[in-house]
Amino acid sequence: MLKPKKKITKRELKQDKFILYTLKAREYAEEHARTLMYVGIGILVLILVITMYISSRRSAAEHANQLYGEALFEYNRMNQSKAKEMLKQLLEEFSGTKYAGQGCFLLAKIYWQSDQYDSAKIYFQKYIDDYADDKLLTAAALAGYGDCLLSEGNTAEAAKYYERAARVDKDNPLAASYFYSAARAYFEAGNNEKAQTLAQLVVDDYERTIYKGKAEILLNMIKMKT
């Protein structure tokens, strides 16, 4: 007499499938062992490269910070020559870092303070082109470039830079000063219409600053001239 067939349970079916998948995975691994080894090595190398890159960037930022701090110390000691030397080294060795940007602005400022306007313009412009990530410093760099132009007698161009500085951030504590400087420079350059517009802006928008009174005087001067 034939024995009845044993019914396969769901659990046994799952176990059979698991065994089958395991065997297939083993076969695939054996057939592609070299490829899998290369992939694993590639991933490991990639992880090492990324780790080294992050570590290198962190180390560069730390060294840039230290060098900038030393340059700032020399600047505060009135040792401008040493400060300039260190800031140029900072820009050369750590270009693109946050501290290189701050150093670039400080270098421009040192040249501006010593009336070396050609050199000051170079570094103010470099900050504007390469490091304009801080609104306060960007506006100050634009205004500093305008100061250099004004000292050279180029009032029309200076006015444009002062206006650009003011418009970087109209809530900047120095915005009223920049707008007034722009209005004054436009007036001296003979552009009365532009001078009047910006002087009126100072009167209307910055009434709690000392530049309101100066702008009102400038408006009266414009009226007398026209």
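Each reported figure results from applying straightforward, stated rules to the coordinates on display, with no laboratory input. Note that this is a predicted model, so its numbers are computed, not measured. Please note: Cβ atoms are built from the backbone with ideal geometry, for glycine as well, and neighbour counts cover all protein chains shown.
Size descriptors for the stretch 72-134, from the alpha-carbon set: Rg then Dmax equal 10.8, 29 Å.
Less than 5 angstrom separates the built amide H of S95 from none of the residues sequence-distant by 5 or more or on a different chain. Taking the Kirkwood radius as Rh and the Cα radius of gyration as Rg, the stretch 77-226 has a ratio of Rg/Rh equal to 1.05. Protection proxy ranking, highest mean first, for peptides 138-144, 171-177: 138-144, 171-177, where packing is the per-residue count of other beta-carbon atoms within 10 Å, averaged.
Taking the Cα centre as origin and putting +1 on Lys and Arg beta-carbons and -1 on Asp and Glu beta-carbons, what dipole magnitude results for the stretch 88-154, to the nearest 20 debye?
My answer is approximately 140 debye.
Centre-to-centre, using Cα atoms only, the stretch 167-193 and the stretch 82-130 are separated by 25 Å.
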